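Everything on this sheet refers to the single structure shown next.
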Amino acid sequence: MSLEALLDSLDCLRDQPREVVALDGGLTNRNYRVTTPERDVVVRMSYKDDSLLAIDRGAEYANSRAAATSGAAPAVVEYSAEHSLLVVAYVAGRTFTAVDMKQAGNLPRLAAVCRQLHAGPRFVTEFDMFKVQRRYLDTVLEHAFKLPDGYLDLAPTVQRVRTALATDDVATVPCNNDLLAGNVIDDGARLWLIDYEYAGNNDPCFELGNLASESNLSVAELTTLVHHYFGRETPRKVARTRLLGAMAQYGWMLWASIQVATSAIDFDFWTWGMDKYDRAVETFAGQELDALLSVVQRPD
């Protein structure tokens with residue numbers, strides 16, 4: 001079906017004069033800004049069947065609505081399950097870069113908008129990177145997709161991390177789980193969080209650790225982000241965030257492996273994933289690991 005026919009299938013756009021502009025970004029979807037006399041929206045179209053990546057488009061729709069209710073995300077206008085089209089309100093503003101994410105003045109703003117999202121309605125799905133990583137690994141092994149050298153050797157260390165984190169029974173909150181810089185928009189007055197493909201109720205420290213990983217925040221920058229989020233100095237939460245950030249890197253490497261083998265997009269997924277994997281190894285095989293595991297299991 002042509003783009004125009006897909007747009008005509010939507011109640012909010014049918015039979016209206018419109019301007020359509022393709023937006024940059026999107027490794028599992030295409031995004032278009034569509035402007036009509038009545039509204040200004042973004043239409044997201046998935047590229048293909050995302051079953052190997054465990055993306056549930058119906059859950060994405062439900063979670064996007066919940067995120068909008070929190071005020072952290074733009075309003076959802078319409079959803080077409082038949083064509084996997086999600087329509088959300090366009091937010092006029094500047095998309096963040098990794099440089100923006102690292103700026104000291106933006107760290108408290110990022111912490112605040114994460115708290116806003118996390119205080120909103122719960123999502124319809126759960127997200128646990130230990131379980132997601134295991135599901136991705138099963139897919140990679142089943143299809144004989146490429147793995148980095150030494151990947152499986154880290155499994156015992158990952159189990160140590162999981163056991164240490166489990167000593168603290170953390171309440172989950174609705175998380176985006178994919179806060180790369182491109183999913184943050186600054187409208188000049190506030191920040192908005194977009195893209196809820198991987199959203200689910202999760203440990204808030206995963207949200208912060210994944211955010212830090214995606215923009216390669218330093219330990220000092222990550223620490224500042226965590227302290228702004230929790231409103232106090234908390235070495236235990238900093239350690240938890242660092243460990244979950246490394247787990248994010250370890251898990252998303254498998255996402256990249258699956259994409260290398262299945263995606264038609266012209267993007268170097270392997271290099272993208274190996275950058276994450278190499279940083280995960282720095283933590284999991286590094287000299288600080290024992291100290292982090294100790295700190296995360298004792299009260300502040």
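Descriptive notes on the structure:
- Test for Trp270: is it more than 18 Å from the chain's Cα centre (by Cα), assigned by TED's automatic domain parsing to the domain that holds Ala112 and not polar (S, T, N, Q): yes
- In this structure, Lys131 does not qualify as basic (Lys, Arg) and over 28 Å from Ala62 (Cβ atoms).
- Checking Arg115 against (1) closer than 23 Å to Arg39 by Cα; (2) assigned to a helix (DSSP H, G or I), the condition it does not meet: (1)
Condition check ((1) part of a helix (DSSP H, G or I); (2) closer than 13 Å to Asn183 by Cα; (3) modelled with pLDDT under 95; (4) not assigned by TED's automatic domain parsing to the domain that holds Ala119) across all residues:
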residue	(1), (2), (3), (4)
Gly58	yes, no, yes, yes
Arg65	yes, no, no, yes
Ala68	yes, no, no, yes
Val77	no, no, no, yes
Val87	no, no, no, yes
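- Qualifying residue in the range 73-90 (condition: within 17 Å of the chain's Cα centre (by Cα) and closer than 29 Å to Leu6 by Cβ): yes
- Selection of the range 1-41 for residues being under 22 Å from Asp266 (Cβ atoms), among the β-branched types (Val, Ile, Thr) and in contact (Cβ under 8 Å) with a residue 24 or more places away in the chain yields only Thr28.
- Scan of the range 112-171 for residues that are over 17 Å from Gly251 (Cβ atoms), touching a residue at least 24 places away in the same chain (Cβ under 8 Å) and surrounded by fewer than 12 Cβ atoms within 10 Å (Cβ to Cβ), ordered by number: Thr167
The values are calculated or read from the model by the stated rules, or taken from the named source; none is laboratory data. As the structure is a prediction and not an experimental result, all values here were calculated from the model. Note that we place each Cβ from the backbone using ideal geometry, even for glycine, and neighbour counts take in every protein chain shown.
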